[in-house]
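K.L.:
Below you will find the structure I want to go over with you.
The values are calculated or read from the model by the stated rules, or taken from the named source; none is laboratory data. Small disclaimer: the values here were computed from a predicted structure and weren't measured. Because the Cβ atoms are built from the backbone with ideal geometry, glycine has one as well, and the counts that use them run over all protein chains shown. Side chains are part of the model used for accessible areas, which takes the heavy atoms of the whole protein and leaves out ligands, DNA and RNA. Shrake-Rupley method; radii C 1.70, N 1.55, O 1.52, S 1.80 Å.
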Amino acid sequence: MTSDGSTRSGNHSSDLTWRLYDACRPPASHQGRSRLNRRTTNPSPQPEVPGAPTADSGRMRIHHLVPLVAVAAALVSAPTSQAWEPCQENPDTTCRTLDVPVDWSRPGAEHLGIAVARRPASADRLGTLVYLPAGPGSSGVDAVTNDQIFDLLVPPDVAAHFDLVSFDPRGVRRSGAVQCDADLVARLDRPAPTDLREFDELLAVQADVGADCRRRTGPVFDHLDSVSAARDVDALRVALGEPALNVYALSYGTVIGQMYAEQFPHRIRTMVLDAVFDHSVDSDRFAFTGALAAQEAFDQFVAWCDREPACELHGTDVRARLAALFDRAERGELTGPSGKIDPAALTYLVVSPMTRPDLPAVAHQIATLESSATKSATTALPIYIQCADNRNDTTSFAHLEGLRAQTRTVAPDVRGSAFDIADLCVNPPVPATNPQHPLRVHGAPPIMVLNSRYDVSTPYQGAQHVAAQLPGVMVTYDGMGHGAATRGQCAADLVYRYLSERHLPPPDTHCA
């Protein structure tokens with residue numbers, strides 16, 4: 001359905017993506033992967049035990065999925081009381097700590113405090129909505145307590161009629177944050193390896209960083225996966241006294257949403273998955289789809305720049321200018337105040353503004369890079385949540401080279417994806433405890449899957465793939481940007497009506 005209420009025919013780009021992927025895969029010798037134990041679930045029903053599954057359970061980069069607004073990095077102490085109290089950050093909101101097991105299979109062992117925040121409905125209250133935050137590494141407490149972030153994330157009608165509750169996931173900010181030595185982390189800030197020696201050096205650095213982070217963080221480091229986080233969400237449901245949850249998940253939070261739907265399908269009233277991270281495909285296909293999404297968005301940028309005189313590059317060959325920058329980066333001649341900019345960093349610098357989306361910023365970035373007066377991409381702290389959920393199969397230099405060639409076939413201008421499975425996960429200190437797998441959701445109510453058509457961070461084709469494995473409908477915002485619920489009245493109205501009335505639009509609905 002478009003903004004005027006009409007519908008469109010089905011989109012087969014997801015099937016085309018998989019056919020392209022199969023056609024462009026590296027040779028079999030490049031397909032080696034780690035042999036990791038897959039997760040198993042406990043099928044025993046335990047109706048009101050928090051976190052218990054129901055009967056239906058069946059520079060080498062460390063870029064995160066981009067949050068909608070920058071969040072301050074300083075740690076904030078978690079509240080010590082189990083009662084709701086005014087939040088220190090915003091007295092109009094309330095906060096508490098939720099006590100959960102570090103290891104849900106050993107509820108009598110170590111426990112962890114999960115920081116939770118709640119913002120009351122501003123008008124007639126219809127219920128409670130739990131927000132599963134983006135990231136990995138974004139703070140749900142900040143999203144609830146910070147007015148600016150909250151207004152960007154939540155449609156006005158939803159904010160008016162639902163209490164919004166969110167949390168810092170385990171390993172994030174106030175909830176047992178992953179701690180690492182800053183000097184060791186700085187050693188990760190290096191160009192992507194160009195030969196076997198550099199690849200082996202990178203793996204050694206990753207091993208040192210991972211061991212240090214694990215030691216400093218403590219037992220929770222081994223239990224950062226989204227299956228554990230989903231059990232934390234069900235403990236929150238019990239604490240809220242809700243028989244079933246309304247859930248809005250954004251970006252990496254959609255992985256927690258998918259795991260909640262697998263484990264607790266009957267405890268969902270409504271669920272919106274917005275800007276969907278496809279946890280059901282391996283790291284190669286994830287990189288391929290991300291590269292395709294980045295190229296499609298760049299094509300939209302080029303078309304905009306051709307027709308808009310306000311574009312800083314208007315009237316020039318934009319693709320040739322970017323290709324020249326990649327040539328300089330590959331020769332080691334592209335630099336900024338922080339040092340050399342390698343091709344992987346260049347891809348990130350050019351593609352990442354399109355998540356907002358800010359097309360003038362893309363043009364300005366290219367123009368500024370041509371004069372080498374820009375800052376290089378910074379290295380974020382390791383967020384091992386993604387490594388707990390995702391196995392990165394690029395375990396050899398030959399595989400890396402094959403994957404580079406594969407992604408370049410579908411992204412000739414931008415060369416690859418800016419948002420792959422973290423390269424840090426090639427050599428993590430703990431094997432993935434919730435590795436990628438096809439979704440196993442049985443008995444859940446209809447779910448709304450929402451995605452922008454040109455999202456470079458969580459590709460549209462990935463959202464289609466997830467939607468095909470769930471009950472419910474796919475809603476497309478036919479524009480750019482990461483997160484679609486607040487991009488226009490059409491999407492906002494559809495989300496509100498679904499959350500309030502459990503009314504879903506027709507299949508293959510589109511918003512302009």
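K.L.:
Would you grab the residues whose amide H sits under 5 Å from the one on residue 112? Only those 5+ places off in sequence or on another chain, please, with H modelled 1.01 Å from N.
P.N.:
Long-range HN contacts for residue 112: 100, 102.
K.L.:
I'd like to compare 222-235, 128-141, 111-124: which one has the highest average count of other Cβ atoms within 10 Å, and what's the full order after that?
P.N.:
Per-residue mean Cβ counts within 10 Å order the peptides as 128-141, 222-235, 111-124.
K.L.:
Rank-order 387-398, 192-203, 415-426 by packing density, defined as the average count of other C-beta atoms within 10 Å over each peptide's residues, highest first.
P.N.:
Answer by packing, highest mean first, reads 415-426, 387-398, 192-203.
K.L.:
Same structure, new question: Using just the Cα positions, wrap the range 160-302 in a convex hull and report its mean projected area in square nanometres, one decimal place.
P.N.:
Taking the Cα atoms of the range 160-302, their convex hull projects to 12.6 nm² on average.
K.L.:
Something else now. What is the packing order of peptides 488-499, 249-260, 451-462, taking the mean over residues of other C-beta atoms within 10 Å and listing the highest first?
P.N.:
The densest-packed peptide leads the list: 249-260, 451-462, 488-499.
K.L.:
Computing the accessible area with a 1.4 Å probe over protein heavy atoms, can you report the carbon and sulfur percentage for the range 79-173?
P.N.:
49 percent
K.L.:
Let me ask something else about it. Measuring from label point to label point, each 7 Å out along Cα→Cβ, what is the residue 181 to residue 269 span in nm?
P.N.:
Simple spin-label model gives 5.0 nm for this pair.
K.L.:
Once each part is reduced to its C-alpha centroid, what is the distance from the range 455-512 to the range 211-243 in angstrom?
P.N.:
Here the two parts' Cα centres lie 28 Å apart.
K.L.:
OK, next. Just the number, please: carbon plus sulfur as a percent of the accessible area of the range 315-473, 1.4 Å probe, no ligands or DNA/RNA counted.
P.N.:
In the range 315-473, the share of accessible area belonging to carbon and sulfur is 55 percent.
K.L.:
For the range 460-512, what is the Kirkwood estimate of the hydrodynamic radius, computed as the reciprocal of the mean inverse distance between distinct Cα atoms, to one decimal in Å?
P.N.:
It works out to 11.6 Å.
K.L.:
On a full-extension model of 0.36 nm per residue, what is the gain between residue 109 and residue 207, subtracting their alpha-carbon distance, rounded to one decimal in nm?
P.N.:
Length difference between fully extended and current span is 32.5 nm.
K.L.:
Shifting gears a bit: Can you figure out the FRET efficiency of residue 148 with residue 200, using R₀ = 45 Å and their beta-carbon distance, to the nearest 0.05?
P.N.:
Once the sixth-power term is evaluated, E becomes 0.50.
K.L.:
Can you run phi through the Karplus equation (6.51, -1.76, 1.60; θ = phi - 60°) for the range 355-367 and list ³J(HN,Hα) in whole Hz, with x for Gly and Pro?
P.N.:
Computed from phi, the couplings for the range 355-367 are 6, 6, x, 10, 5, x, 5, 5, 4, 5, 4, 5, 5 Hz.
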